[in-house]
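The values are calculated or read from the model by the stated rules, or taken from the named source; none is laboratory data. This is a predicted model, so every value here is computed, not measured. Cβ atoms come from the backbone with ideal geometry, glycine included; neighbour counts cover every protein chain shown.
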Amino acid sequence: MNLLKPKKLQKGDAIAIIAPAGNIDYEKILSGKKYFESKGFNVKLGNNINNSDRYFSGNDEERLSDLHDAFSDNSVNAIVCARGGYGALRLIDNIDYELIKNNPKIFCGYSDITVLNAVFLKKSNLITFSSPMIQGDFANEINTYTESEFFKTLTSEEIKIIANNPVYYNTFKKAEGVLIGGNLSTFVSLCGTDFLPDEKFMLFAEDLNEPSYKIDRYFTQLFNIEKFKNNVSAILLGDFLEPDNEEYLNAVFSKIAEKFEIPVIKGFPFSHTKVKTTVPYGAYAVVCDNTITVQDYLT
């Protein structure tokens with residue numbers, strides 16, 4: 001894969017804030033805008049960001065228009081999504097992937113935005129970032145770790161993502177591959193489309209409010225895909241918040257490690273909590289012990 005690497009973020013750059021999924025709290029978006037301006041960035045809000053259509057931030061056409069506008073605007077250096085929720089999946093058949101390929105830039109988001117991270121890699125070869133977003137992370141109280149990792153990742157040539165109190169579900173061995181994944185239930189919603197890379201990859205995953213049987217179902221669905229089963233080299237787990245049964249959930253992870261004989265490691269800061277890291281989505285990475293090392297993902 002001939003990956004497209006966006007340019008590093010620099011002070012004075014223009015950041016576009018768009019809402020390609022759920023409807024937003026406009027006051028929090030303005031708070032996030034003020035925060036980035038205080039850090040020395042110019043901020044542009046999507047024209048339709050404060051629109052509302054049921055549980056969406058505007059209808060599909062409006063949300064898609066803001067996405068296209070942000071990529072086509074030559075003055076914009078980075079795009080940070082407002083929030084997740086639901087809605088990105090409804091856009092993927094109408095996105096202009098050539099436009100994105102011809103205008104590579106930093107694109108940030110997680111949760112429902114996992115859909116866009118995945119399809120931008122597959123269809124435009126663009127490295128994006130599974131990262132904090134405006135409404136939940138950069139408005140009002142800002143976690144210092146989340147903030148630090150966000151700017152470090154977007155301005156560096158190498159990052160290390162370290163698991164805290166890691167859990168190894170089998171005998172550990174070094175693994176490597178392209179980093180893909182994100183919010184597990186959202187990632188699995190892409191099944192039935194062409195969304196997986198053709199080369200070896202490592203899946204990173206997190207989720208919330210999902211019972212253990214659903215986590216089991218999601219992983220089973222993925223491993224029933226031949227390309228997934230043949231190309232996945234490791235499962236890297238973050239937080240699975242509010243599970244119904246921790247013992248059952250650990251059994252799911254243990255069975256994966258045993259059956260497919262790949263490293264399965266839990267404890268990385270992928271999360272729906274305030275404490276989260278920023279992951280270069282689509283970049284080549286190596287995991288050894290409790291550390292994921294990612295290099296050469298920006299220009």
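Would you tally the residues in the stretch 99-112 being over 23 Å from E149 (Cβ atoms) and in contact (Cβ under 8 Å) with a residue 12 or more places away in the chain?
4
Within the stretch 205-235, how many residues turn out to be within 25 Å of G85 (Cβ to Cβ) and among the aliphatic types (A, V, I, L, M)?
The qualifying residues number 4.
Rundown of residues vs (1) surrounded by fewer than 16 Cβ atoms within 10 Å (Cβ to Cβ); (2) assigned by TED's automatic domain parsing to the domain that holds F138; (3) under 14 Å from F107 (Cα atoms); (4) more than 21 Å from the chain's Cα centre (by Cα), yes/no style:
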residue	(1), (2), (3), (4)
K7	yes, no, yes, no
N50	no, yes, no, yes
G58	no, yes, no, yes
L64	no, yes, no, no
F71	no, yes, yes, no
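Kindly indicate which of G12, G87 is among the small types (G, A, S) and in contact with a Phe, Trp or Tyr (Cβ under 6 Å, 6 or more places away or on another chain).
None of the other options fit; the residue is G87.
Could you tell me whether any residue of the stretch 13-21 is farther than 24 Å from N125 by Cβ, of a type outside the set (F, W, Y) and surrounded by fewer than 20 Cβ atoms within 10 Å (Cβ to Cβ)?
Scanning the stretch 13-21, I find no residue that is farther than 24 Å from N125 by Cβ, of a type outside the set (F, W, Y) and surrounded by fewer than 20 Cβ atoms within 10 Å (Cβ to Cβ), so the answer is no.
Would you mind finding the one in S111, S148, S130, S57 that is more than 20 Å from S189 (Cβ to Cβ) and of a type in the set (G, A, S)?
Just a single option satisfies the conditions, and that option is S148.
Examine the stretch 175-187 for a residue that is more than 17 Å from the chain's Cα centre (by Cα) and outside the structural domain of G87 (by TED's automatic domain parsing), and state whether such a residue exists.
yes
Being under 19 Å from N183 (Cα atoms) and among the polar types (S, T, N, Q) is the filter here, so list the residues in the stretch 258-299 that pass it.
Within the stretch 258-299, S271, T273, T277, T278 qualify.
Filter the stretch 139-171 down to residues that are within 17 Å of K274 (Cα to Cα), β-branched (V, I, T) and in contact with a Lys or Arg (Cβ under 6 Å, 6 or more places away or on another chain), then give me how many there are.
1
Identify all residues within the stretch 192-232 that are of a type in the set (G, A, S) and crowded, with 20+ Cβ neighbours inside 10 Å; write none if there are none.
Of everything in the stretch 192-232, just one residue is of a type in the set (G, A, S) and crowded, with 20+ Cβ neighbours inside 10 Å, namely A205.
Answer with yes or no whether Y26 is touching a Phe, Trp or Tyr at 6+ places or on another chain (Cβ under 7 Å) and assigned by TED's automatic domain parsing to the domain that holds Y110.
no
Out of the stretch 54-68, which residues are in contact (Cβ under 8 Å) with a residue 24 or more places away in the chain and among the acidic types (D, E)?
D60, D66
Could you please give the count of residues in the stretch 1-34 that are in a helix (DSSP H, G or I) and not acidic (D, E)?
8
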